[in-house]
Amino acid sequence: MNIIVCVKQIPDPAAPGALNSDTHTLKRDGKLVIDDADMYGVEMALQLVDAAGGGEVSLVSMAPNGETSGMRTALAMGAAKGVLVSDPALQGSDALTTAKILAAAIQRLGGADLIIAATESSDGYTGTVPEQMAEVLGLPSVTFTKKITINGTAIQASRQTEAGYDEVTCPLPAVISVTAGVVEPRYPSFKGIMAAKNKPVEQVTASDLGVLPVGWAGAGQKISSVTQAEARQAGEIIEDDGEAFNKIVGFLENLKVI
Amino acid sequence: MAIKNVWVFAQTSDGVATTATLELVTKARSLSENVSVFVSGDGAAIAAAVGDFGATKVYAANCGANLPGVAMASAMKSVIDAGESPELIMFPQSYEGRDTMARLSVKLDKTVITNNVDVEDATDGVTVTTPIFGGNTLVTSTFTGSGPHLAAFRPKSFTPEASGGAAAAVTAVVVPDLGVAGGAQVNAVHVEETTGPKLDEANVVVSGGRGLGEADKYAMVEELAKLLQAAPGASRAIVDAGWVPYSYQVGQTGKVVKPSVYIAAGISGATQHMVGMKGSKNIIAINKDKEAPIFGIADLGIVGDVHKVLPKLIEALKARN
Ligand SMILES: Cc1cc2nc3c(=O)[nH]c(=O)nc-3n(C[C@H](O)[C@H](O)[C@H](O)COP(=O)(O)OP(=O)(O)OC[C@H]3O[C@@H](n4cnc5c(N)ncnc54)[C@H](O)[C@@H]3O)c2cc1C
Ligand SMILES: Nc1ncnc2c1ncn2[C@@H]1O[C@H](COP(=O)(O)O)[C@@H](O)[C@H]1O
């Protein structure tokens, strides 16, 4: 069983987000980390390969400046190798271009039995890249997967819905997107971290993959303005002295809720 | 210049058009005289409702056991190829909406813009507005090139208003052969029942977060909700921890709520939580950390321990009944 996991590398989410003033895109020039959302996919892939009794987990990522530190985290967890697509021309790429690039990187790895992504990234949260990738690759897909087992040539998945969940079957090869909380991502061991340093990550450009046009030229949208929303004002804040519940009762009475 | 025609991707619940659908139809009719609805399943069942809100046509495709994304996108593509292309397609920001627009975007080679709260027919083209950084900043983007433009909207972005239109005409659309891409099949549907009012429609919402400490303590939230005829909600932290089902989640990847009162108990107020509840008319927050971001938007903030404040509040409300 060979599995490819999409790993997005993003600015540290603990730092407040900011926009580049000229391009209005998210600032991504500092050091990048693996998107938490993708840790679940990496963990799930490692468990599925284990359960299948053989095969390996590979990674694909698209990131600026040849950044691989987030990929190294996934390699330290146990992934074997990766392809990084990095190219100044990719700046400003929309979700569709990202999907085309990742699909081409997946093909460069020779495809896989299963491709895993997160339902949405923490910084962009377009939430369409996995399904767009499936369409580019001509594969079936199961989105919002919260549980999955593989029996031979098909997957059995629980797919989260607005009201509960669906049981879905899907033949391999396929693309799935997974939700947070599906599995508990492991911490890389010291041995894993050392081994990750020597694992191969091939770096390619968009034109190496034959995907054109990309970046601003390929995006079917332009940003016309950025404004501040009207801020909501904070009201009364009180320390509980044991009687604060009465404040809430009074507040609800005033609103005629009780 | 008005938009020539707009499609709305409709969602139904028990065969009835959802409020999110009617919100989009309402907005669509302010942009165009030709509003059509695209639905998976029984078109006739929603024809009167969507007609009343301004749609004149319903395209209905039957997905069978296929996941709707790939099937609906193929059905839409076949209508577009037959020459009935809309300029704009509005999707609800829901699972099926997102999947369908993603598949369709590749078939049409068109960009998608998701998470929008507004759309306008501006002089330089169709523009959409997307909140970022928890709704503090609004980004306005313009679609370039020709349509159909694909945009998804967060629930409650528009107010649904009936126009008194006649029932829409229904056209059946055959789902083309999906080939390999259509391999995913739904075998069983599970509904996680909740009692009381629906989370996204309730007048009062009581949500709990990680500050409750442990799963059992969520019972306090449920009890308070019951006393206030409110819907219980949750932050993602406790959904991920398995304390409550996903259908309770409020926020960016959960439900958008705009009740007249929102009570947040033991919730920090992460930006992804706030985008789902910021529109509430009144916000009450209980948190032991006075620096918690939730206090920045609360009308009444109690700096205190949920394990002390909630039981007393529950007792006081019980005493009134
Ligand atoms: C892409 C993406 C999407 C997301 N979507 C959502 C979403 O839809 N909804 C959502 O909610 N989150 C979402 N999140 C997660 C979000 O970032 C936060 O992690 C989450 O909202 C935190 O939940 P919380 O407030 O319960 O927990 P915490 O942030 O851990 O806060 C717990 C709070 O409880 C307080 N507390 C502790 N003990 C007590 C006590 N005894 N009494 C009173 N207060 C106490 C603490 O001071 C703290 O402020 C998303 C994240 C990402 C990356
Ligand atoms: N640049 C990228 N590199 C690797 N994976 C990505 C990238 N962009 C998106 N993905 C994958 O697609 C998922 C959804 O992304 P998005 O559509 O941006 O919300 C992410 O969580 C990743 O798994």
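The values are calculated or read from the model by the stated rules, or taken from the named source; none is laboratory data. Bear in mind that the values here come from a model prediction, so they are computed numbers and not experimental data. Positions of Cβ are backbone-derived with ideal geometry, glycine not excepted, and every protein chain shown enters the neighbour counts. When the accessible area is computed, the model is the full protein with side chains, heavy atoms only, and any ligands, DNA or RNA have been set aside. Shrake-Rupley method; radii C 1.70, N 1.55, O 1.52, S 1.80 Å.
When only the Cβ of Lys, Arg, Asp and Glu is charged (+1, +1, -1, -1), the dipole of the range B:1-116 relative to its Cα centre reaches about 240 debye. The largest-to-smallest principal axis extents of the Cα set in the range B:1-109 are 33, 33, 24 Å. Helical content of chain B, expressed as a calculated mean residue ellipticity at 222 nm, amounts to -8000 deg cm²/dmol (DSSP H runs of 4 or more residues, -39,500 (n - 2.57) each, divided by residue number, nearest 500).
Three principal axis extents describe the C-alpha atoms of the range A:19-134; from largest down they are 51, 26, 22 Å. Just so you know, the Rg over Rh for chain A is 1.07, from Cα atoms, with Rh as the Kirkwood radius. Give the residue from B:A151, A:V42, B:S78 lying farthest towards the positive end of the charge dipole for the protein assembly as shown; charges sit on Cβ (+1 for Lys and Arg, -1 for Asp and Glu) and the dipole is referred to the Cα centre. Positive-most Cα among the choices belongs to A:V42. Its relative contact order, with pairs defined as Cα atoms under 8 Å and 6+ residues apart, puts chain A at 22 percent. Residue pairs exceeding 29 angstrom between C-alpha atoms, taken from B:K4/B:K255; A:K147/B:K226; B:K107/B:K198; B:K57/B:K107: B:K4/B:K255; A:K147/B:K226; B:K107/B:K198. With q set to 0.17, 0.19, 0.27 Å⁻¹, the log10 of I(q)/I(0) for the range A:1-85, from the Debye formula over equal scatterers at the Cα positions, is -0.68, -0.79, -1.28. In the distance distribution for the range A:125-258, Cα-Cα pairs more than 20 Å apart total 74 percent. Chains A and B together bury roughly 6900 Å² of accessible area, counting both sides, with a 1.4 Å probe on protein heavy atoms only. Note on the range A:156-196 and the range B:39-80: Cα centroid distance 31 Å, given to the nearest whole angstrom. Restriction of the chymotrypsin sites (Phe, Trp or Tyr not before Pro) in the range B:1-103 to DSSP coil positions whose beta-carbon has at most 10 other beta-carbons within 10 angstrom yields no sites.
Pairs of C-alpha atoms in the range A:129-174 farther apart than 18 Å represent 30 percent of all such pairs.
Express in whole angstrom the spacing between the alpha-carbon centres of the range A:212-251 and the range B:241-298. Between the Cα centres of the range A:212-251 and the range B:241-298 lies a distance of 11 Å. Normalised by residue number, the volume inside the convex hull of the Cα atoms of the range B:102-167 is 147 Å³ per residue. In this structure, the amide hydrogen of B:H149, modeled 1.01 Å from its nitrogen in the peptide plane, lies closer than 5 angstrom to those of B:L88, B:I89, counting only residues at least 5 positions away or on a different chain. How many percent of the accessible area of the range B:184-255 is carbon or sulfur, using a 1.4 Å probe? Of the solvent-accessible surface of the range B:184-255, carbon and sulfur hold 46 percent. For B:K288, the lysines whose Cα comes closer than 18 Å to its Cα, not counting residues fewer than 8 places off in the same chain, are A:K247, B:K217, B:K308, B:K312. Its Cα centre serving as origin, the range B:133-226 has a Cβ charge dipole (Lys and Arg +1, Asp and Glu -1) of approximately 320 debye. Rounded to the nearest whole Hz, the Karplus-based 3J(HN,Hα) values (6.51 cos²θ - 1.76 cosθ + 1.60, θ = phi - 60°) of the range A:127-143 follow the sequence x, 10, 4, x, 6, 5, 4, 4, 5, 4, 7, x, 10, x, 8, 10, 9, with x at glycine and proline. Bridgeable aspartates and glutamates around B:K318 (alpha carbons under 13 Å apart, same-chain partners fewer than 8 residues away excluded): B:E223.
Taking every DSSP bridge with both residues inside chain B, close to 25 percent are antiparallel.
Of the residues A:V204, A:P185, A:A229, the one whose Cα sits farthest toward the positive end of the charge dipole of chain A, with +1 on the Cβ of Lys and Arg and -1 on the Cβ of Asp and Glu, is A:V204.
Dipole of the range A:21-156 computed with +1 at Lys/Arg Cβ and -1 at Asp/Glu Cβ about the Cα centre; of A:V57, A:L137, A:T25, farthest Cα towards the positive end is A:V57. For the range A:1-46, the relative contact order works out to 47 percent when only alpha carbon pairs closer than 8 Å and six or more residues apart are counted. Separation of the range A:88-155 and the range B:86-164 by C-alpha centroid, Å? Centre-to-centre (Cα) distance: 22 Å. Report D for the range B:52-156 in µm² per second (integer): Stokes-Einstein, Kirkwood Rh on Cα pairs, 10 °C, 1.306 mPa s. It diffuses with D of about 108 µm²/s by this estimate. Mind listing the long-range amide H neighbours of B:I263? Cut-off is under 5 Å, sequence gap 5 or more, other chains count too, H placed in the peptide plane at 1.01 Å from N. Amide H neighbours of B:I263, under 5 Å, 5+ apart: B:V205, B:V206, B:S207, B:I284. For the protein assembly as shown, the Cβ-based charge dipole about the Cα centre amounts to some 380 debye (Lys, Arg positive; Asp, Glu negative; other atoms uncharged). The alpha carbon convex hull volume per residue for chain B rounds to 145 Å³. Given a cut-off of under 8 Å on Cα pairs at least six residues apart, what relative contact order in percent is computed for the range B:197-321? Normalised by residue count, the contact order of the range B:197-321 is 24 percent.
For the protein assembly as shown, what are the per-bin percents of Cα-Cα distances with bins 10 Å wide, up to the bin holding the maximum? With a bin width of 10 Å, the distribution comes to 3, 17, 27, 27, 18, 7, 1, 0. Along chain A, the exposed loop sites are GluC sites (Glu not before Pro) outside DSSP states H, G, I, E and B with at most 12 other Cβ atoms within 10 Å, and the longest stretch free of them is A:1-229.
Applying a DSSP loop filter and a limit of 10 other Cβ atoms within 10 Å to the trypsin sites (Lys or Arg not before Pro) in the range A:163-224 leaves A:K197.
Over all Cα atoms in the range A:188-258, the spread is summed up by Rg and Dmax: 28.5, 68 Å. Backbone phi angles across the range B:118-124, fed through the Karplus curve with coefficients 6.51, -1.76 and 1.60 (θ = phi - 60°), yield HN-Hα couplings of 7, 8, 9, 9, 8, 4, 9 Hz in residue order; Gly and Pro are listed as x.
Counting only residues at least eight positions apart within a chain, or on another chain, the aspartates and glutamates with an alpha carbon under 13 Å from that of A:K81 are A:E56, A:E202. A simple spin-label model places pseudo-atoms 7 Å from Cα toward Cβ; at A:A163 and B:T12 they are separated by 1.2 nm.
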